[in-house]
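Worksheet: one structure, shown below.
The values are calculated or read from the model by the stated rules, or taken from the named source; none is laboratory data. All values reported here derive from a predicted model rather than from experimental measurement. Cβ placement follows ideal geometry from the backbone for every residue including glycine, while neighbour counts extend to all protein chains displayed.
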């Protein structure tokens, strides 16, 4: 496989950027932390997430076999997820909130391939940054790397059919996918820890209220960043974007 000098340079810089920005962050984060979910819940989320991961592996192999130059887009999408999901800001609870970065991959490659990229990122974050955990990997995968990307992909495809402006479409899809990720995380926590008064519903409202002050602006920022990254890709990787049918062929 042969990369051009420009492609090699972009790949190297994306890896360096991920390392530089990720490691200085604190270990507290709003991935569900290690040991926070009951074992049965951890197993259930693993089982639910596994088929998406398996299908994603198959789709990645098919995509790469069809055109190995697409690897540069996969690498950039994975680096984007790693970088911005590692940048955390304090939440009102003393924990942290962060962007997900999975919207870009979902728009370019669909939700199943995104699930694989998400698992890789979550695994590295759990091991290297104490961000999330291994027992909760299935739950974090489902919320950040499966259900959020599914909504992003559906919204983007629908917007494309309705001929919505590309940048507006990308912004809306990525932002709402981010918000759904945290809604699902709230559901996971509410089911694991229902309130003594009001049960799961009361607990869900509490968790959603906790996330909202930081996650709403973060969703907007993620939408804007995703648009900017796509604009950059259109400049230096237009042929690859045409190969995956993101851009129309000349």
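Structural remarks
- Members of region 107-127 found to be over 28 Å from residue 171 (Cβ atoms) and touching a residue at least 12 places away in the same chain (Cβ under 8 Å), listed by number: 123, 126
- If you go through region 67-97 and pick out every residue that is modelled with pLDDT under 85, assigned to a helix (DSSP H, G or I) and more than 19 Å from residue 215 (Cβ to Cβ), you end up with 2.
- Criterion violated by residue 203 - all others in (1) over 13 Å from the mean Cα position of the chain (by Cα); (2) over 20 Å from residue 48 (Cβ atoms); (3) surrounded by fewer than 21 Cβ atoms within 10 Å (Cβ to Cβ) satisfied: (3)
- A single entry from 100, 152 fulfils the requirement of being within 21 Å of residue 227 (Cα to Cα) and not in a helix (DSSP H, G or I): 100.
- The condition (being at pLDDT 85 or above and buried (at least 16 other Cβ atoms within 10 Å of the Cβ)) is satisfied by just one residue among 240, 222, 234: 222.
- Cβ-Cβ distances below 7 Å connect the following pairs, each with a first residue in region 221-250 that is touching a residue at least 60 places away in the same chain (Cβ under 8 Å), a second residue that is surrounded by fewer than 19 Cβ atoms within 10 Å (Cβ to Cβ) and not in a helix (DSSP H, G or I), and a separation of six or more residues or different chains: 241/247; 243/67.
- Residue list for region 160-173, restricted to those being at pLDDT below 95 and surrounded by 17 or more Cβ atoms within 10 Å (Cβ to Cβ): 166
- Residue tally, condition more than 18 Å from residue 176 (Cβ to Cβ) and in a helix (DSSP H, G or I), over region 195-212: 11
- Qualifying positions in region 174-194 - buried (at least 23 other Cβ atoms within 10 Å of the Cβ) and not in a helix (DSSP H, G or I): none
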